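The values are calculated or read from the model by the stated rules, or taken from the named source; none is laboratory data. Note that the structure is predicted; figures quoted are calculated from it, not measured. Note that each Cβ is placed from the backbone with ideal geometry, even for glycine, and that neighbours are counted across all protein chains shown.
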Amino acid sequence: MLENQGKLLEVKNMTMDFGGLRAVDSISLQVCSGEIVALIGPNGAGKTTFFNCVTGIYKPTKGEILVHPPGKKSQRINGYKPNRVTTIGMARTFQNIRLFQNMTVLENVMIGRHCRTSTNILGAILRGSNTRRQEQETIDKSYSLLEKVGLLDQADEFAKNLPYGAQRRLEIARAMATDPFLLLLDEPAAGMNPLETKRLDEL
């Protein structure tokens, strides 16, 4: 147990093949609490494929992915679905923005809280006290995150109406809404102008 103290993520000799194409070749890395780790490489180097393997979009051809959520049991997550990876406590953004464009900024962040609520369909219909409490907590948390990323004044705006840099920040807020112990950002400043990049850096 002590050997994993401080570690959040371990990737051991991970390989991802697509037919005859090897997109990721025996990569190993470790991320510890408090660290900021960057994957650097040219387009086509396999950075996004690595993210997709770690977050459950792809199942690696070979290798092992281990997560060590703080205060919880370590898990081998090879083959886990993305929703299960998120529930464990790893969240990500995408190189190509994936927002619900016809929903409001607030609603987009609230969706990120879904994995942290326990209300079922019946509870949502009957709207008991527990459901109402969780809903209010979700709203409060979402407003707090929007304030943190500088989008509080645009909470009721449709996501599709935000400028590109603001959409990036909204996607980060939605990922943060899952209360992750590890946040993976896939080229978060891609396509941003210098001012937008500066605002992102201030987060």
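Looking at Leu146, Leu200, Leu195, Leu184, can you tell me which residue is closer than 24 Å to Gly56 by Cα and touching a residue at least 24 places away in the same chain (Cβ under 8 Å)?
Leu184
Filter the range 117-143 for residues that are of a type in the set (Val, Ile, Thr), assigned to a helix (DSSP H, G or I) and surrounded by 16 or more Cβ atoms within 10 Å (Cβ to Cβ); which is modelled with the lowest pLDDT?
Thr131
Of the conditions (1) surrounded by fewer than 16 Cβ atoms within 10 Å (Cβ to Cβ); (2) out of contact with any Phe, Trp or Tyr (no Cβ under 8 Å at 6 or more places or on another chain), Phe50 fails just one. Which one is it?
Phe50 satisfies all of (1) surrounded by fewer than 16 Cβ atoms within 10 Å (Cβ to Cβ); (2) out of contact with any Phe, Trp or Tyr (no Cβ under 8 Å at 6 or more places or on another chain) except (1).
Restricted to the range 99-116, and to residues that are assigned to a loop (DSSP other than H, G, I, E, B) and surrounded by fewer than 17 Cβ atoms within 10 Å (Cβ to Cβ), which residue is nearest to the chain's Cα centre (by Cα)?
For the range 99-116, the residue satisfying everything is Phe100.
Go through the residues of the range 184-197 one by one and say whether even a single one is among the hydroxyl-bearing types (Ser, Thr, Tyr), surrounded by fewer than 19 Cβ atoms within 10 Å (Cβ to Cβ) and under 28 Å from Val54 (Cα atoms).
Checking the range 184-197: at least one residue is among the hydroxyl-bearing types (Ser, Thr, Tyr), surrounded by fewer than 19 Cβ atoms within 10 Å (Cβ to Cβ) and under 28 Å from Val54 (Cα atoms).
Would you say Val54 is closer than 26 Å to Ser26 by Cβ and within 17 Å of the chain's Cα centre (by Cα)?
Taking the combined requirement at face value, the residue satisfies it.
Could you please let me know if Lys47 is under 30 Å from Thr117 (Cβ atoms) and touching a Gly at 6+ places or on another chain (Cβ under 6 Å)?
Judged against the criteria, Lys47 is not a match.
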